Every structure is written in structure tokens, then in C-alpha cells.
Amino acid sequence: EPPEGQKGGPAGAHRPRAPTGQKDNRPPDRFQLTFPLRTNYMYAKVKKSLPEMYAFSICMWIKSSASPGMGTPFSYAVPGQANELVLIEWGNNPMEILINDKVAKLPFAINDGKWHHICVTWTTRDGVWEAYQDGTQTGNGENLAPYHPIKPQGVLVLGQEQVR
């Protein structure tokens, strides 16, 4: 029975409010995907295809206490290239972004069991990338798959690496 003043619903569906004067930094439940176990069958596949891209920003709220590594929160594969665009953290390695099999290590500290907002931006011009955690730039670089447009008509999966 939910506490007085709160509506019932599926387990875990109610959200207690943040204390007065404090910002609630958690993402809205309606956009939340939960992968309680690392498996090869728990994932979300996005039905809409992506256009050819010369720049992008990937942002997400993420919470993990996985050790070692949380796996693959984001994977975009096109015919002939399973690693067209991938965010992955495996073993005791830092999270990485892969674009057309080229790799940049992302300086995120997110395996503390708390919610974190992460963003990665990239442009094909000189392969310039930037990483942000909780609103602060944590890293940047260049020469990450420079002048390689992200190919269209691929498959976007959340929570699972793709092997083609």
C-alpha cells in the first residue's frame, strides 16, 4: 500500500519528491530503461532509422555500480560495420566511444551507484569530440574518425553491443 497521498502503480513506479529546495537530478521514469542483469537478451531496439550524420551529441542519464564495467549503453551498427557508433565500458577500462572502429577513452566516473548525466559530442571535421559528466566538461580530443560521416539506415540498440 503506497503512503498516503501517493498513487499506487507497478513496483518502483512511484517517485518520492526531492526535499524542498533541492533539485531532483533523476531522469523521469517514463524514459527509464532498466537492465538489472548483463545478458545477451535484455536490450531496447530503436525502430526509427538515422540519417547520415556529420556531427552528433549523445546524452543520457545513467546509473551503474557494475564492476568490472557496465557493458554497452549505446550501439549503432550499419551493414558491414558493427561498430559504426558505440559507447562501451568493459573490464576495468574507462568508457570508450567507438566510431568506425576508431576509439577514444572517455574520462567518466560513473560506477558509484548514483545517477549521472553524460554527453558526448563529435563532429566529422577533424574528428573533434568532447565529453561531459553532470554538466562539466571532463575531456576532449580530435582525430577520432575524422571526415567519416556516420552512415544512415543502421540499427540503434540501447543496452547491448551488436555483432554483425
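For segment 65-144, what is the accessible area per residue in Å² when the probe is 1.4 Å?
For segment 65-144, the solvent-accessible area averages 44 Å² per residue.
Considering only protein heavy atoms and a probe of 1.4 Å, how much of the accessible area of segment 44-158 is carbon and sulfur, as a whole percent?
The nonpolar share, carbon plus sulfur, comes to 53 percent.
The values are calculated or read from the model by the stated rules, or taken from the named source; none is laboratory data. As the structure is a computational prediction, the values presented were derived from the model and not from experiment. All accessible areas refer to the heavy atoms of the entire protein, side chains included, with ligands and DNA or RNA removed. Shrake-Rupley method; radii C 1.70, N 1.55, O 1.52, S 1.80 Å.
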